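Let me begin by presenting the structure, written as structure tokens, before commenting on it.
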Amino acid sequence: MPLSTQSQGDDEQYVLVANLDNARNLSNILKAITFKDHAIFTATTNGLKVTVEDSKCLQANAFIQAEIFQEFTIREDLVAFQINLTVLLDCLNIFGGTTTPGVSTALRMCYRGYGYPLTLFLEEGGVVTVCKINTQEPEEPIDFEFCSTNVTNKVILQSESLKEAFSELDMTSEVLQITMSPSQPYFRLSTFGNAGNAHYDYSKDSDMMELFKCTETQTNRYKMSLLKPSTKALALSCKVSVRTDNRGFLSLQYLVRNDDGQICFVEYYCCPDEEVEEN
């Protein structure tokens, strides 16, 4: 592959070099968190974390482990920059995002450090395109302080069942109410839209329920406008973990398999709708 034949001398000027034989393994998971233009890229020896936020109420993180890449070289403990995610996705799909069997776009992603652009070398069918995307100093991501020790309720579902629920719920509702309880209704999704109130219940013994671990009854409401972006990740995923902590904050963790069957994770954090606390 031409991209892998660049001299090692070229690599030494970069603090981050990442190679993928199939650029779709990056672009697909980035689409799952694209609801704002800008994203924060954070690279460590473990891999790449991409963060997108909305008005301090919603945060999405995509995790692409170092093992997903054919090469992942980092010369600093931490490399971070902010970039226009929409532009990056346009570049990754510059060859049209082909889905033809046996044909893929190879990617080599290089970053020299603070103040430098992110350079993409994309190759398909012997044609190489070079894209340079300006980077900015990253803002500090919000710490939602979502800690596993404070998790009160957790369920793991097959994504198909949650897709089915979302297709039946009334999306004209301003909020989605989630009830999790050790007793009935166990796990309930509720909407309050133009067509009236609707509920979607899951039994803790349902075939779709892989794990049910609820210690107390919790009912929280979340703005539908904040949750809608997460349906992109849901569409790509095969399993989803739904967790709430003692403050009612919501974590949705999606397990996504890429074209090569490798596993990546997308996580959404959402704060509860404050109005509920007045009820």
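I need the calculated FRET efficiency for the pair Ser55 and Ala235, taking r as the beta carbon distance and R₀ as 35 Å, to the nearest 0.05.
Values: r = 24 Å, r/R0 = 0.67.
With a Förster radius of 35 Å, E is 0.90.
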#### Entry: Ellipticity estimate at 222 nm from DSSP helix runs (n ≥ 4, -39,500 (n - 2.57)) divided over the chain, nearest 500
-3500 deg cm²/dmol
### Query
Fully extended, how many nm does the chain gain between Leu78 and Asp143 (0.36 nm per residue separation, minus their Cα-Cα distance)?
21.6 nm
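For the stretch 149-268, what ratio Rg/Rh do Cα atoms give with a Kirkwood hydrodynamic radius?
Rg divided by Rh gives 0.95.
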### Summary
Answer in debye to the nearest 20: the dipole magnitude of the chain about its Cα centre, from +1 Lys/Arg and -1 Asp/Glu charges placed on Cβ, is 300 debye
### Task
Enter the accessible area per residue of the chain (Å², integer; probe 1.4 Å; all protein chains in place).
48 Å²
### Task
Compare the Cα positions of Phe187, Met224, Ala165 along the charge dipole of the stretch 149-268 (+1 at Cβ of Lys, Arg; -1 at Cβ of Asp, Glu; about the Cα centre) and return the one farthest towards the positive end.
Met224
### Query
Going down the list Lys204/Lys228; Lys163/Lys239; Lys163/Lys228; Lys49/Lys223; Lys36/Lys232, which pairs span over 19 Å between their C-alpha atoms?
Lys204/Lys228; Lys49/Lys223
### Of the GluC sites (Glu not before Pro) in the stretch 199-279, those whose Cβ has at most 13 other Cβ within 10 Å and which sit in DSSP loop
Glu216
### Asp37-Lys228 pseudo-label distance in nm [points 7 Å out on the Cα-to-Cβ vector]
2.0 nm
### Task
Output the direction-averaged projected area (hull surface divided by four) of the convex hull of the alpha-carbon atoms of the stretch 11-134, in nm².
7.6 nm²
#### Entry: Gyration tensor (Cα) of the stretch 134-197, equivalent ellipsoid semi-axes in angstrom
29, 20, 13
#### Entry: Solvent-accessible area, 1.4 Å probe, carbon plus sulfur percent, for the stretch 11-134
47 percent
### Query
In the stretch 149-268, carbon and sulfur make up what percent of the accessible area (probe 1.4 Å)?
46 percent
## Note on the structure
Computed about the Cα centre, the charge dipole of the stretch 11-134 from +1 Lys/Arg and -1 Asp/Glu charges at the Cβ has a magnitude in debye, to the nearest 20, of 260 debye
### Query
When the convex hull of the Cα atoms of the chain is projected onto a plane and the area is averaged over all directions, what value comes out in nm²?
16.0 nm²
## Note on the structure
Sorted by number, the cysteines in the chain with no other cysteine beta-carbon under 4.7 Å are Cys57, Cys110, Cys147, Cys214, Cys238, Cys264, Cys270, Cys271
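The values are calculated or read from the model by the stated rules, or taken from the named source; none is laboratory data. Everything quoted here is computed from the prediction, not taken from an experiment. We place every Cβ from the backbone using ideal geometry, glycine too, and count neighbours over all the protein chains shown. These accessible areas exclude ligands, DNA and RNA; they are computed on the full protein's heavy atoms, side chains included. Shrake-Rupley method; radii C 1.70, N 1.55, O 1.52, S 1.80 Å.
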